[in-house]
Structures are given as C-alpha cells and as structure tokens.
Amino acid sequence: MQLYGENIFFISLAVILVPAFILGYCEKPLKHYGMAATVFFVVMTMKDKPQALLYMLCFVWYEYILAQIFLRITTGEHGSRVAYPAFLILSILPLTLHKILIAMNGNAGILAIIGISYMTFKAAQIIIEISDGIIKELKPDEYIYLMIFFPTLLSGPIDRSRRFEEDIRRTIPREEYLEMAGNGLLKILLGMVYKLAIASVFYLLMKKFGMDRTLISAAIYMYTYGFYLFFDFAGYSLMAVGTGYLLGVKVPDNFNKPFLSKDIQEFWNRWHITLSHWLRDYVFSRITMDLIRSGKVKDKLTIASIALMINMLIMGCWHGLTGYYILYGLYHGVLLVLFEIIRKKSAFYKKHKKDKWFMVVSWFVTLHLVLVGFFIFSGRFTRGVAFLLRSHGLI
Amino acid sequence: MREKLLVMIEELCGDEIVREDPDIDLLEEGLIDSLDYIELLLKIEDEFGLKMSPSELTREEMATPNRIIAVVEKRLA
C-alpha cells in the first residue's frame with residue numbers, strides 16, 4: 001500500500017477515520033487510537049518488504065537512544081557544549097549517508113528508509129532544543145509516534161515535537177473537535193482535487209506539449225511543471241494536514257498561495273512553509289546568532305547574506321546531492337541575498353514598494369524567478385545545458 | 001523594564017510607531033525581519049540575562065511589542 005497514492009489507501013483511511021471521529025466526538029483521547037492507526041499504515045506500507053520495516057525501526061530507535069543519552073548528558077552544566085555538535089552530527093548522519101549512497105549508487109541500501117528525510121528534521125530539532133534547554137524529557141511512545149505519525153511520514157509537513165506533544169496530550173472539547181474534523185475533511189477533499197485532478201491535468205499537458213527540444217516546448221514545460229509541482233505537493237500536504245486534524249493533531253499548514261508572492265522572501269513564507277521555517281529556526285537563526293556573538297562580522301547585510309547562502313545550500317542538498325538540486329539551493333540563496341540588498345539599500349524600492357504598479361511588476365518577476373527555480377529543480381535545465389554544450393562540441 | 005524593551009524594539013525597527021501602537025504586528029508590518037528578531041533575543045540576553053532560544057516561542061507569540069514585554073516580564077518574575 002502506498003500512503004496517499006492508491007485507492008486501497010483512501011478506502012482504508014476512510015474506514016479508520018470513522019472510529020477516530022466517534023472518539024473525538026465523545027471527547028475521548030485520540031492518542032492511542034492514532035498510534036494504532038499509525039502502526040497499521042506503517043506495516044501495510046511495508047508489508048511486502050519486512051526488512052524495510054526493520055531498518056525503519058532501527059533508525060527510529062537509534063535516534064531515540066541518541067536523544068535520551070544527550071538529554072542525560074546535558075543535565076550537567078558543561079556537558080552540552082562539547083557533546084552538542086557530536087550528537088547533532090550523529091542524528092543527521094543516517095540521512096547524510098542515505099543521500100551520499102543515492103548520489104553514488106542510485107540506491108541507499110539499508111538506509112532506504114521511508115520518510116527518513118522528514119524524520120531527520122524532527123530528530124535534529126529535538127537534539128537542538130535539548131541543547132537549548134527547552135526539552136527536558138522524552139517519552140518513548142510519544143517520540144516514536146511523532147517520528148512515524150503516518151499522515152506526515154512520507155513528505156511532511158514537518159511538525160515540531162513540543163507542539164505535537166501538546167496536541168496529543170490534551171482532551172479536545174467536543175465543539176472544537178467538530179470544527180477541527182470539519183476543516184480536516186474539507187482539507188482532505190480539497191487535497192484530493194488538487195492532487196488527483198488539477199495536478200494530473202498539468203502533468204498531462206506537460207507530457208504532451210513540453211517534452212520537445214525547442215524553446216517553446218521548454219517554456220511550456222516550465223509553466224506546466226511549476227503548477228503541477230504545486231498542486232501535487234500542496235494537495236498531498238492538505239490531505240496530510242486534514243488527516244492529522246481528524247486524529248486530533250493540528251499539523252501545521254505547508255502552503256499559502258505561493259504564486260501570489262510579491263517577492264522571493266514572501267515566497268518562502270508561502271511555499272513549503274514547514275521546511276523553510278524549520279531552516280529559519282534551526283539553521284539561519286543559529287548561524288546569525290553565532291556570527292553576531294563572535295563579533296567577527298559587524299555588517300548586518302553580510303551576516304544575513306552568509307546565513308542565507310548556507311541556509312539555502314543545505315535546503316538544496318537535503319533534496320539530494322545531485323547537481324541540479326544543489327544549483328536550485330544556490331539559485332534561491334542568491335535571489336534571497338539580492339532581495340535583501342534591494343530591500344535594505346534601494347531608495348527606489350523603499351519609495352515605490354507600496355505602489356500598485358510596482359507590486360504587479362514585482363509579483364510578475366517573482367513568479368517567473370520561482371518558475372525558473374522549479375525548472376532547475378526538475379533537472380531539465382542542467383540536461384538542456386549539457387545538451388547544448390555537447391551539440392556545440394564543447395564537452 | 002518596559003521602557004528598556006521599547007527602546008530596544010524601537011532601535012531595531014527604526015520607527016517610533018512601536019511606542020504609539022504597542023499592539024502593532026512587527027512581522028506583518030515588515031518592521032522586523034528574521035535577523036532583527038535574533039538581535040532582539042541577544043539584546044534581551046545581554047540586558048536581562050534571560051536566554052531565549054530562537055525556536056522556543058512561535059513568531060505569533062512574539063508578534064507585538066506588548067507580547068514581547070509580557071513574555072520577558074513573565075520569565076523574569
């Protein structure tokens with residue numbers, strides 16, 4: 001069974017959410033039912049590959065033990081300083097090796113674990129916040145539930161442990177649950193329309209008109225691929241968030257009309273929100289904090305630029321250690337730095353940013369910068385460049 | 001303390017409006033960005049010895065001058 005991928009999943013989901021709704025309606029806790037549903041779906045997803053299930057269990061167990069040991073160490077005053085980088089590296093090590101193996105061999109072997117990319121965010125967040133002193137205890141059942149929570153296992157949204165625990169520990173009043181369930185159901189249905197209907201149309205258009213080696217075809221590909229990517233991913237995310245709501249978990253939203261963004265910074269607050277906010281809180285913020293504290297770099301714009309470039313480079317590498325993903329990260333890093341310079345230095349920008357005509361132009365430019373970004377992300381840009389170079393005998 | 005915090009926020013925003021309207025949404029109005037937010041946390045640490053992690057509170061919980069003041073007051077109490 002594939003999560004959110006085939007009819008049997010949706011039928012099982014519909015059946016499994018009915019008792020959840022009854023429990024929620026009766027103001028009963030949903031935690032244990034949600035855990036059982038998660039175990040069911042995780043097992044069903046991997047029932048043909050029992051070894052994959054074993055690898056996943058080992059991975060989650062490894063991350064849990066790591067966090068527990070780190071938690072014990074940091075209760076001492078100075079333990080944290082030395083141990084923190086080591087534990088952080090150990091927590092992202094399986095994913096790093098997974099990405100390296102894929103880049104080298106095309107498959108990740110025993111590290112081909114479903115959801116490893118997204119689980120690693122949660123594991124790393126917990127290590128970082130233990131070091132900050134804001135996570136003081138970890139319960140094994142809650143830790144595992146957060147990691148493998150089936151609605152978000154495959155592709156997010158990326159939830160945060162303290163928020164998630166608060167949700168699963170509380171009893172939701174009937175009226176609030178009914179509203180959540182209603183919203184959840186709407187999100188699931190809208191998600192289905194996005195992913196199964198609209199995304200499919202763009203995909204078909206892309207395959208029919210966008211695959212030739214002409215400039216017009218490449219342009220059609222750029223538009224259709226961008227919109228396909230949005231409706232596919234946003235549709236999946238809506239279904240994941242909606243399912244979470246019915247299980248009493250307010251999974252954070254992942255998209256907020258990204259194609260209406262008027263600048264690239266706004267885009268990253270509207271596109272794959274849980275990823276960009278995770279990076280903001282755990283990468284960008286930490287780099288800027290260290291740079292300001294160290295006093296080595298004084299200029300605010302320089303600090304922001306360094307942090308943005310590292311932040312987006314990590315974003316690119318997280319998608320995969322392939323040329324076009326890394327290029328995609330660098331591309332967005334450069335765009336964000338350029339926008340930062342304009343925002344801070346340009347008198348013209350400050351004067352006109354609230355003018356209607358300026359906003360329209362800015363929206364149009366942003367939309368196209370974003371679509372070019374997706375074009376790079378798709379791998380077609382680098383393939384096209386390679387083709388051009390080859391046909392001119394340059395490589 | 002309220003006064004000290006208002007001075008800090010005002011310096012970061014470069015705008016007196018935070019005094020006139022201490023319930024203004026600093027992020028939505030574009031008055032502080034992610035880097036300013038980190039500077040604010042570091043200044044609070046320097047001034048009051050109160051260490052706050054960048055991810056501890058959501059940006060909504062720290063959205064207005066009044067909310068920031070309330071959080072700091074509560075922590076120091």
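Bear in mind that the values in this text are calculations on the coordinates, not laboratory data. Since this is a predicted model, take the numbers as computed values, not measurements. As a convention, Cβ positions derive from the backbone with ideal geometry for all residues, glycine included, and neighbour counts pool all protein chains shown.
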Checklist entry - Pick from A:LEU90, A:LEU204, A:LEU215: which residue has the top mean-square fluctuation in a GNM of chain A where Cα pairs under 10 Å get a spring? => result A:LEU215
Checklist outcome for this item: Taking the alpha-carbon centre of each part, the distance from region A:328-395 to region A:1-29 in Å is 42
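Is there a simple number for the mean count of other chain Cβ atoms within 10 Å of the Cβ of residues in A:124-131, and what is it? Let's see the in-between values first.
On the way: counts 0, 1, 0, 0, 3, 3, 0, 1.
Across A:124-131, the average partner-chain Cβ count within 10 Å equals 1.
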Next on the checklist: Running a GNM on chain A with Cα contacts under 10 Å, which residue among A:ASN311, A:ASN254, A:ASN105 ends up with the highest mean-square fluctuation?
Outcome noted: A:ASN105
Next on the checklist: Through the Karplus equation 6.51 cos²θ - 1.76 cosθ + 1.60, θ set to phi - 60°, convert the phi angles of region A:185-196 into ³J(HN,Hα) values in whole Hz; use x for Gly and Pro.
Outcome noted: 4, 4, 5, 4, 5, 4, x, 5, 4, 4, 7, 7
Next on the checklist: Given bins 5 angstrom wide, list per bin the percent of all Cα-Cα distances in region A:222-268, short to long.
Outcome noted: 5, 21, 21, 22, 16, 10, 5, 1
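Per the Kirkwood definition applied to all pairs of different Cα atoms, how many angstroms is the hydrodynamic radius of region A:31-169?
15.6
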Item to check | Cα pair count fraction exceeding 15 Å, expressed as % - region A:147-195 | outcome: 63
Checklist entry - Among A:VAL361, A:VAL334, A:VAL193, which one shows the biggest mean-square fluctuation in a GNM of chain A, springs joining Cα atoms closer than 10 Å? => result A:VAL361
Next on the checklist: Rounded to whole Å, give me the distance from the Cα center of region A:138-175 to that of region A:242-275.
Outcome noted: 18
Checklist entry - Can you give the mean number of other chain Cβ atoms that lie within 10 Å of the Cβ atoms in peptide A:279-285? => result 4
Checklist entry - Can you give the translational diffusion coefficient of region B:2-76 in µm²/s, computed by Stokes-Einstein from the Kirkwood radius over Cα pairs at 37 °C and 0.692 mPa s? => result 270
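Quick one: putting +1 on the C-beta of Lys and Arg, -1 on the C-beta of Asp and Glu, what dipole do you get for the protein assembly as shown around its Cα centre, in Debye to the nearest 20?
Details: 51 positive and 48 negative charges, 310 e Å.
Dipole about the Cα centre, nearest 20: 1480 debye.
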Item to check | Sorted peptide list for B:52-61, A:374-383, criterion being average Cβ within 10 angstrom, highest first | outcome: A:374-383, B:52-61
Checklist entry - Within a Cβ distance under 11 Å of A:THR288, other residues only, what is the Lys/Arg minus Asp/Glu net charge? => result 0
Checklist entry - Equivalent-ellipsoid semi-axes (√(5λ), Cα gyration tensor) for region A:181-246, whole Å, largest first? => result 31, 8, 6
Next on the checklist: Given N residues in region A:266-352, what is its alpha carbon radius of gyration divided by 2.2 N^0.38 Å?
Outcome noted: 1.14
Checklist entry - What is the projected area of the convex hull of the Cα atoms of region A:298-395, averaged over all directions, in nm²? => result 8.4
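Under the rule a/c < 1.5 gives rounded, and otherwise a/b versus b/c splits prolate from oblate, where does region A:94-205 land using the Cα gyration tensor? Intermediate values should be presented prior to the final figure.
On the way: a/c = 2.81, a/b = 1.03, b/c = 2.73.
Oblate.
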Checklist outcome for this item: Projecting the Cα atoms of A:GLY109, A:ILE130, A:TRP271 onto the charge dipole of the protein assembly as shown, where Lys and Arg contribute +1 and Asp and Glu -1 at Cβ, the residue farthest towards the positive end is A:GLY109
Checklist outcome for this item: Farthest towards the positive end of the dipole of chain B, among B:VAL7, B:ILE68, B:GLY49 and with Cβ unit charges of +1 on Lys and Arg and -1 on Asp and Glu, lies the Cα of B:GLY49
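Determine the shape class of the protein assembly as shown: with a ≥ b ≥ c the square roots of the Cα gyration tensor eigenvalues, call it rounded for a/c under 1.5, and otherwise prolate if a/b is greater than b/c, oblate otherwise. Present the calculation step by step, with values, prior to reporting the outcome.
Details: a/c = 1.39, a/b = 1.06, b/c = 1.32.
Rounded, because the longest to shortest axis ratio a/c is under 1.5.
For a footprinting-style exposure proxy, rank A:PHE70, A:PHE364 by other Cβ within 10 Å, fewest first.
Numbers: A:PHE70 24, A:PHE364 11.
With the fewest neighbours first, A:PHE70, A:PHE364 line up as A:PHE364, A:PHE70.
Net charge near A:ALA36: determine it from the other residues with C-beta under 15 Å of the C-beta of A:ALA36, scoring Lys and Arg +1 and Asp and Glu -1.
On the way: positive: A:LYS28, A:LYS31; negative: A:ASP141, A:GLU142.
Local charge sum for A:ALA36: 0.
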